[in-house]
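Enquirer: Here you go, one structure.
The values are calculated or read from the model by the stated rules, or taken from the named source; none is laboratory data. As the structure is a prediction and not an experimental result, all values here were calculated from the model. FYI the Cβ positions are ideal-geometry reconstructions off the backbone, even for glycines, and counts take in every protein chain you see.
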Amino acid sequence: MTEPLPRPVALRASLAIALWALALAILALVLLGDRDPVGALEVATRGLDAAGSLAIAVAVAALAAVLLWPPSILAMRIWLQRQKEKLGVDERPLQEAQARLAHFENAADRSTLGRGWLRRGDAKRAATALARAVELDPQSAGICWLLGEALRELGDLRGAAAALRRAVELDETIGFGAALLAWGTVLERLGDPSAAEAVLSRHEARHGPSRRADLVRARAARARGDRAAAAAFLERAARPIETQGPVPLEERYARACARVARLRRRAP
């Protein structure tokens with residue numbers, strides 16, 4: 001038995017509600033202007049004053065966030081990018097997979113549902129679909145990797161670590177190293193810095209340096225009590241990123257975090 005397709009993401013609904021509210025406000029102002037032009041002018045003036053005050057408050061809050069934590073600009077860009085990706089998800093593959101699953105259950109269509117729901121930000125539905133896909137095809141490294149990402153989104157770190165470990169065992173190159181990096185990050189969050197270091201060392205040996213990996217390795221070294229290694233990894237993470245192509249926002253964010261941490265560590 002298949003699950004119903006989820007409703008549009010909350011962001012899309014919120015935008016629609018905001019547009020309708022704006023349209024209704026403009027219509028109400030026009031109708032009020034026909035009956036009481038002076039009153040309509042006062043309402044419009046108060047509305048503009050309120051909007052101006054709100055804009056100033058937002059600007060001050062943004063400036064304070066940047067001053068207190070400079071990487072917040074990149075964090076906001078990452079968040080906006082993810083919201084854009086959620087809105088841009090094509091629902092047709094989801095609908096087609098759901099229709100096929102009504103007649104025949106298979107790992108490929110379950111995986112399609114899980115991947116689509118994960119991109120739309122519905123990690124709970126994604127994990128359910130991907131867990132079933134793993135049961136149907138336990139030898140798929142890609143499905144195990146996606147399940148690990150969904151469980152990580154849900155905060156189930158132990159489940160995520162198990163799924164990511166299985167994905168790497170099946171194919172260490174899956175996701176061009178993304179599964180290895182995610183596994184090492186989850187292990188560090190679970191409080192196992194030695195295992196995290198071992199996994200991230202494998203990631204570097206196969207896929208080269210990563211600012212995100214170096215930042216996690218710095219935290220792991222600090223947790224082990226190795227201050228020298230922590231400082232060395234932090235220094236590496238803060239280095240400029242030399243590449244001919246575009247740099248992922250996540251890598252730039254990790255470097256920015258490392259630079260701030262390095263400056264604060266050295267501050268008197």
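Enquirer: Does A150 satisfy being of a type in the set (A, V, I, L, M, F, W, C) and not assigned by TED's automatic domain parsing to the domain that holds R165? Spell out how you get there, then give the answer.
Expert: Working: of a type in the set (A, V, I, L, M, F, W, C): yes; not assigned by TED's automatic domain parsing to the domain that holds R165: no.
Here the answer is no, as A150 does not meet what is asked.
Enquirer: So, in segment 131-185, exactly how many residues are of a type in the set (K, R), under 15 Å from L200 (Cβ atoms) and buried (at least 22 other Cβ atoms within 10 Å of the Cβ)?
Expert: Of the residues in segment 131-185, 0 are of a type in the set (K, R), under 15 Å from L200 (Cβ atoms) and buried (at least 22 other Cβ atoms within 10 Å of the Cβ).
Enquirer: Can you name every residue in segment 214-268 that is in contact (Cβ under 8 Å) with a residue 60 or more places away in the chain and touching a helix residue (DSSP H, G or I) at 6+ places or on another chain (Cβ under 7 Å)?
Expert: Answer for segment 214-268, where residues must be in contact (Cβ under 8 Å) with a residue 60 or more places away in the chain and touching a helix residue (DSSP H, G or I) at 6+ places or on another chain (Cβ under 7 Å): L249, E250, R252, Y253, A256, C257.
Enquirer: Could you check, for segment 182-202, whether at least one of its residues is part of a loop (DSSP other than H, G, I, E, B), more than 30 Å from E135 (Cβ to Cβ) and either at pLDDT 95 or above or not polar (S, T, N, Q) (or both)?
Expert: no
Enquirer: Cβ-Cβ distance below 7 Å, separation of 6 or more or different chains: which pairs start in segment 125-138 with a residue that is within 12 Å of E105 (Cα to Cα) and end on one that is surrounded by 17 or more Cβ atoms within 10 Å (Cβ to Cβ) and of a type in the set (S, T, Y)?
Expert: Here the result reads A133/S111, each pair linking segment 125-138 to a residue that is surrounded by 17 or more Cβ atoms within 10 Å (Cβ to Cβ) and of a type in the set (S, T, Y).
Enquirer: Then there is this: Looking at A182, A126, A218, A205, which is the one that is of a type in the set (G, A, S), within 28 Å of L80 (Cβ to Cβ) and over 18 Å from the mean Cα position of the chain (by Cα)?
Expert: The match here is A218.
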